[in-house]
1. Among (1) at positive phi; (2) touching a strand residue (DSSP E or B) at 6+ places or on another chain (Cβ under 9 Å), where does Asn159 come up short?
2. Residues that are polar (S, T, N, Q), over 21 Å from Trp114 (Cβ atoms) and at pLDDT 95 or above: does the range 159-175 have at least one?
3. Can you work out which of the residues in the range 131-145 that are among the aliphatic types (A, V, I, L, M) and within 15 Å of Met75 (Cα to Cα) is surrounded by the fewest Cβ atoms within 10 Å (Cβ to Cβ)?
4. Condition test on Gly161, is it touching a residue at least 24 places away in the same chain (Cβ under 8 Å) and touching a helix residue (DSSP H, G or I) at 6+ places or on another chain (Cβ under 9 Å)?
5. Given (1) part of a loop (DSSP other than H, G, I, E, B); (2) under 16 Å from the mean Cα position of the chain (by Cα), where does Asp190 come up short, assuming only one miss?
6. Could you check Asp83 against (1) surrounded by fewer than 21 Cβ atoms within 10 Å (Cβ to Cβ); (2) assigned to a loop (DSSP other than H, G, I, E, B); (3) touching a helix residue (DSSP H, G or I) at 6+ places or on another chain (Cβ under 8 Å) and say which number it fails?
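The values are calculated or read from the model by the stated rules, or taken from the named source; none is laboratory data. What you see is a predicted model, and the numbers here were worked out from it, not measured in a lab. Positions of Cβ are generated from backbone atoms using ideal geometry, with glycine treated the same way; all protein chains shown enter the neighbour counts.
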Amino acid sequence: MKTIQVSFIAVLVLSFLGAFRLTKQKPADDSLKNYCVSQPDKKLYDLLMAYRKSFRLDSIPLSKSLSYVAFSHTMDLSLNRPDQKPCNLHSWSNKGSWKPCCYTPDHKKATCMWDKPNEIAGFAGDGFEIAVYFSSRETPEMALSQWKSSPGHNALMANKGMWASKKWHSVGISIYGNYAVMWFSEITDDLGVPKVSG
């Protein structure tokens, strides 16, 4: 029997929590500057844009910075499995150059998640992450289908409900092993669009 786990969290730095907003992206290191998305990443991006087009929504530029964050997360999830209960898919292990956290449904570790785009890529804007796990190897088609069948994820991708007023200016995508992750932001990525490997 195949299992599916879908997770969603708004990654938003809130001023009333005492967080600050960056106005300029930090300089990137070489691994970020040279980052390329994979063919499956690009396929998932194309599927997402076609889905948005069916609602007459604008295309969202693919972001090098947010794709790098997404890739870092899919690799961490695949190799280190920080999503073991009680932690969910927004958790990060202690085996990387980031602050680890066990993200639980009570949102007590929310700041750990909120900080990831800036912490990993120096990204200057807020982000919103959706993540999915499938017990067999994830494909772009499966990932999008799973998110479309989840009301919360579908609303974010299709700018419905609480997301109707959002204008996405960047999206990051990674699909690796059994995981797929997307990050959305209203901020344009200073590093632009990544190349596609292969």
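1. All conditions are met except number (2).
2. yes
3. Val132
4. In short, no.
5. All conditions pass for Asp190, except number (2).
6. Just one mismatch for Asp83, condition (1).
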